[in-house]
Amino acid sequence: MKKIFSLIILLTLASGVFAQESKIPVIKEITTIEQEDSDTYLELFSMEKDGQLQYYLNVGNLGIGDEIIQVNFDPLFKLFIPLGGTLAEAMETLGQMQELFKQPKGTSIEMDCCFSPTFPTDRLEKAKVTYRKPLLSRMLEFSLERDGYIRATTVSKSDLSALVSGAKFYRKIHPKEP
């Protein structure tokens, strides 16, 4: 009888541990592009925020420097771009980024972003997305200006197109997702 009573008390105490809410959000990866030779990392994912689904683009780690030289030494902080509350809105925002490749080089737009270590937070700031065309490549530069220096990373046209293709494939597989 003592064993049964002890077991019931132990299970009752343990059930309180499982009832705790986690402050770490659940991130659902949609598609990822990763190239080790060029330190490229792109990720499209969804995350539930305040009971609603939100889509984000992770463009990876930012270098630090000026407009010409960027040094990558911060492996912790990442730049997250909010894309919208539905997959259709996310695809539309990615399409706006792709439209920059049709503009003259040097064209830029401003987008809301979050620069944080693990996952997006509510602290949004403006990032500048600029179309660059160095030598034989086409790239988008995502940059933040901070106290006289620039934090930036680049995404090639082919990597962004591959990410969009992966998102379209995901949309075909999951037609009921908003």
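Between residue 101 and residue 137, how many nm apart are label points set 7 Å from Cα along the C-beta direction?
Taking the two extended label points, one gets 1.4 nm.
Which whole number of Å³ per residue matches the convex hull of the alpha-carbon atoms in region 74-132?
93
Using Cα pairs under 8 angstrom and six or more residues apart, how large is the relative contact order of region 53-178, in percent?
The value is 24 percent.
Please label the shape of region 49-178 as rounded, prolate or oblate, based on the square roots a ≥ b ≥ c of the eigenvalues of the alpha-carbon gyration tensor (a/c under 1.5 means rounded; beyond that, a/b larger than b/c means prolate, else oblate). Spell out each step's value before the answer.
Values: a/c = 2.04, a/b = 1.30, b/c = 1.57.
Since a/c reaches 1.5 but b/c is at least a/b, the shape of region 49-178 is classed as oblate.
Can you bin region 101-178 into rounded, prolate or oblate? Criterion: square roots of the alpha carbon gyration tensor eigenvalues sorted a ≥ b ≥ c, rounded for a/c under 1.5, prolate for a/b above b/c, oblate for the rest.
oblate
Ratio of alpha-carbon Rg to the 2.2 N^0.38 Å globular estimate for region 46-105, to two decimals, please.
For region 46-105, the normalised Cα radius of gyration comes out at 1.42.
Among the listed pairs 78/128; 102/133; 28/176; 49/157; 28/157; 105/128, which are separated by more than 19 Å between their Cα atoms?
Cα-Cα > 19 Å for 49/157; 28/157; rest within.
Please compute the per residue accessible area over region 65-178 with all protein chains in place, 1.4 Å probe, rounded to a whole number of Å². Provide the component values of the computation, followed by the final result.
On the way: 6770 Å² over 114 residues.
Ligands and nucleic acids excluded, the result is 59 Å² per residue.
Within a Cβ distance under 13 Å of residue 106, other residues only, what is the Lys/Arg minus Asp/Glu net charge?
Details: positive: 105, 128, 132, 133, 138; negative: 67, 141.
Computed value for this residue: +3.
Sum -39500 (n - 2.57) across every DSSP H segment of at least 4 residues in the chain, then divide by the residue count to get the 222 nm mean residue ellipticity, nearest 500.
Mean residue ellipticity, 222 nm, calculated: -8500 deg cm²/dmol.
Using the basic label-point model (7 angstrom from Cα toward the beta carbon), what is the residue 49 to residue 3 distance in nanometres?
My value for the distance between the label points is 5.3 nm.
At 0.36 nm per residue, minus the direct Cα-Cα distance, what do residue 88 and residue 112 gain on full extension? Give it in nm, one decimal, please.
Roughly 6.8 nm would be gained on extension.
How large, in percent, is the carbon and sulfur part of the accessible surface of region 20-178 at a probe radius of 1.4 Å?
Answer for region 20-178: carbon and sulfur cover 51 percent of the accessible area.
The values are calculated or read from the model by the stated rules, or taken from the named source; none is laboratory data. Given the structure is predicted, the values throughout are model-derived calculations rather than measurements. With ideal geometry, Cβ positions are generated from the backbone for all residues, glycine too; neighbour counts draw on all protein chains shown. When the accessible area is computed, the model is the full protein with side chains, heavy atoms only, and any ligands, DNA or RNA have been set aside. Shrake-Rupley method; radii C 1.70, N 1.55, O 1.52, S 1.80 Å.
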